[in-house]
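The values are calculated or read from the model by the stated rules, or taken from the named source; none is laboratory data. Values in this document were obtained by computation on a predicted structure and should not be read as measured data. Reconstructed Cβ throughout: ideal geometry from the backbone, glycine too, with neighbour counts over all protein chains shown. Note: accessible area is taken over every heavy atom of the protein model, side chains too, but ligands, DNA and RNA are not part of it. Shrake-Rupley method; radii C 1.70, N 1.55, O 1.52, S 1.80 Å.
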Amino acid sequence: MTVKTRFAPSPTGYLHVGGARTALYSWLYAKSQGGKFVLRIEDTDIERSTQEAVDAILEGMSWLGLDWDEGPYYQSKRFDRYNEMVEKLLAEDKAYKCYASKELLDEIRAEQEANKEMARYDANHPKIIAVNDAATEGEPCVIRFRNPKEGSVIFNDEIRGNIEIANSQLDDLIIRRSDGSPTYNFCVVVDDWDMGITHVVRGEDHINNTPRQINIYKALGAPIPTFAHCAMILGDDGAKLSKRHGAVSVMQYRDEGYLPNALTNYLVRLGWSHGDQEIFSQQEMIDLFSLNTISKSASAFNTDKLLWLNNHYMKTSDPEYVAGYLQWHMDNQNIDISKGPALTEIIGALSERAKTLVELASSSRYFYEEYEAFDANAAKKHLRPVAKQALILVQTKLLACEDWSDATLQQVIQDTADELEVGMGKVGMPLRVAITGAGQSPSLDVTLRLIGKERSISRISRALEFVVAREAAQ
Ligand code: GLU
């Protein structure tokens with residue numbers, strides 16, 4: 001048997017991180033089994049589905065690197081097939097037409113509630129029987145699935161174990177509305193059958209649908225897939241993760257400066273584990289993943305851990321990979337990199353300190369363009385008249401420097417300090433503020449090298465002007 005899984009989002013908004021985790025688990029399971037992964041867009045709810053949401057899902061999936069082997073299939077293009085299956089069930093008397101109006105159903109429900117009975121559709125209610133007997137062909141009606149009345153539905157969820165629901169708990173589900181549109185539970189079954197899905201991995205919010213769907217599989221004579229229902233993701237306060245906890249859309253994580261490999265590593269661990277290992281390459285995830293090691297309990301989202309992973313991946317991933325994503329943020333922050341160092345150099349120099357690509361981009365600005373003004377505190381502390389001599393001497397030496405390499409630049413700073421008989425800091429700090437505008441930067445040799453000779457020299461002149469003006473004002 002070839003394993004085939006799917007991700008089946010409804011395109012009504014952005015790609016939520018919870019959905020992305022479900023997609024990841026589904027994708028990983030397919031990969032781990034040498035199987036196939038299908039993407040299906042569940043857009044039968046015409047009112048709520050939008051093209052914008054479809055695009056957001058495809059963009060989010062691609063950004064995460066969750067490629068699909070088949071699809072995207074669109075349910076809205078499969079109505080003929082659903083109708084064909086509805087007709088088949090009608091012909092076999094496994095489904096029936098019901099003409100009861102909404103008003104009548106409301107009235108029956110109120111009656112049931114008043115009698116403290118379970119509020120549900122009851123095909124044997126005398127009023128419903130009467131309406132259906134009196135109806136004539138052509139009147140508006142819904143099609144209901146004839147759910148078995150006896151026994152129970154038992155299935156073995158890969159995550160939650162054995163689940164049993166008595167058929168007496170399940171009423172006759174509408175499979176086609178009076179406007180002719182098929183309903184979710186029916187379409188899902190026809191699709192999963194037609195698409196050969198062997199394993200359904202989805203959120204636990206669908207667990208109540210599963211017994212209903214299993215009865216439909218049986219009625220259609222379709223093989224029943226294996227199910228795995230994933231627990232919810234919670235915010236740090238224990239409530240279901242939502243916008244008020246921060247980012248929930250995958251693309252918002254991109255915007256906030258996360259790398260896709262950090263987010264996927266974070267998401268895989270949110271509800272799945274392999275011992276106490278935290279870092280997983282994509283291949284390791286594929287090799288180690290299994291459905292029955294997914295946790296039954298809900299997991300709390302922890303942004304600090306995600307930031308830690310993001311920093312780890314910025315530092316340790318192939319710089320070319322990181323550069324691809326950093327470029328997006330440089331563009332976003334209007335930093336033109338054409339007249340400065342390669343992004344891979346920036347990553348090497350600055351990723352240690354940055355937690356996100358947004359920080360990495362903004363902290364790299366002075367490598368590409370003039371800083372606007374000196375950081376006030378840094379200038380106050382380090383661009384004092386006593387720094388003048390050091391700045392003049394180091395500038396002279398840098399100007400004469402022909403080999404603009406880390407080692408030589410380091411030597412120039414050392415020689416300046418030696419010649420002036422001062423500590424390295426007395427040269428280094430004014431120089432740092434001069435070339436970067438601020439009091440913090442990577443090591444000076446690397447910083448000088450990446451800023452380049454011409455820019456470094458002119459920035460030292462700028463700092464000297466500042467020092468001279470300050471001196472004059474004293
Ligand atoms: N379309 C459903 C949703 O977005 C998922 C259906 C399923 O996975 O079976 O919640």
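Structure data summary
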{"read-out": "Filter result for K102 (within 16 Å of the ligand (Cβ to nearest atom), more than 17 Å from H206 (Cβ to Cβ) and more than 19 Å from the chain's Cα centre (by Cα))", "value": "no"}
{"read-out": "Residues (over 20 Å from R462 (Cβ atoms), of a type outside the set (S, T, N, Q) and not in a loop (DSSP other than H, G, I, E, B)) located in the range 414-431", "value": "D415, A417, D418, E419, L420, M424, G425"}
{"read-out": "Hits in the range 28-60 (condition: at pLDDT 95 or above, in contact with a helix residue (DSSP H, G or I) (Cβ under 9 Å, 6 or more places away or on another chain) and of a type in the set (A, V, I, L, M, F, W, C))", "value": "L28, F37, V38, L39, I41, A56, I57"}
{"read-out": "Close pairs from the range 180-206: first of a type in the set (A, V, I, L, M, F, W, C), partner at pLDDT 95 or above and away from the ligand (no atom under 12 Å from the Cβ), Cβ under 6 Å, at least 6 apart", "value": "F186/I175; C187/Y82; V189/I216; V189/Y217; V190/Y82; V190/M85; W193/A222; I197/K4"}
{"read-out": "Residues being more than 14 Å from the chain's Cα centre (by Cα) and either basic (K, R) or open to solvent by less than 70 Å² (accessible area, probe 1.4 Å) (or both) - total across the range 49-78", "value": "13"}
{"read-out": "Qualifying positions in the range 298-330 - within 21 Å of T344 (Cα to Cα) and either in a loop (DSSP other than H, G, I, E, B) or of a type in the set (S, T, N, Q) (or both)", "value": "N310, N311, T316, S317, D318, Q327"}
{"read-out": "Of residues in the range 10-40 being assigned to a loop (DSSP other than H, G, I, E, B), touching a strand residue (DSSP E or B) at 6+ places or on another chain (Cβ under 7 Å) and within 24 Å of G246 (Cα to Cα), the one farthest from the ligand (Cβ to nearest atom)", "value": "Y14"}
{"read-out": "Residue tally, condition within 11 Å of the ligand (Cβ to nearest atom) and outside any loop (DSSP other than H, G, I, E, B), over the range 41-52", "value": "1"}
{"read-out": "The range 356-369 - residue that is free of Cβ contacts under 8 Å to residues at least 60 places away in the same chain and in a loop (DSSP other than H, G, I, E, B) and, of those, surrounded by the most Cβ atoms within 10 Å (Cβ to Cβ)", "value": "S364"}
{"read-out": "Residue in the range 277-294 that is at pLDDT 95 or above and touching a Cys at 6+ places or on another chain (Cβ under 8 Å) present", "value": "yes"}
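Matching residues to (1) of a type outside the set (A, V, I, L, M, F, W, C); (2) more than 19 Å from P9 (Cα to Cα); (3) open to solvent by less than 10 Å² (accessible area, probe 1.4 Å):
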site	(1), (2), (3)
V190	no, no, yes
G196	yes, no, no
V201	no, no, yes
H206	yes, no, no
Q213	yes, no, yes
I216	no, yes, yes
H229	yes, no, yes
D236	yes, yes, no
K240	yes, no, no
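Conditions tested, residue by residue: (1) assigned to a helix (DSSP H, G or I); (2) within 43 Å of the chain's Cα centre (by Cα).
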| position | (1), (2) |
| --- | --- |
| S338 | yes, yes |
| F374 | no, yes |
| N377 | yes, yes |
| L398 | yes, no |
| V412 | yes, no |
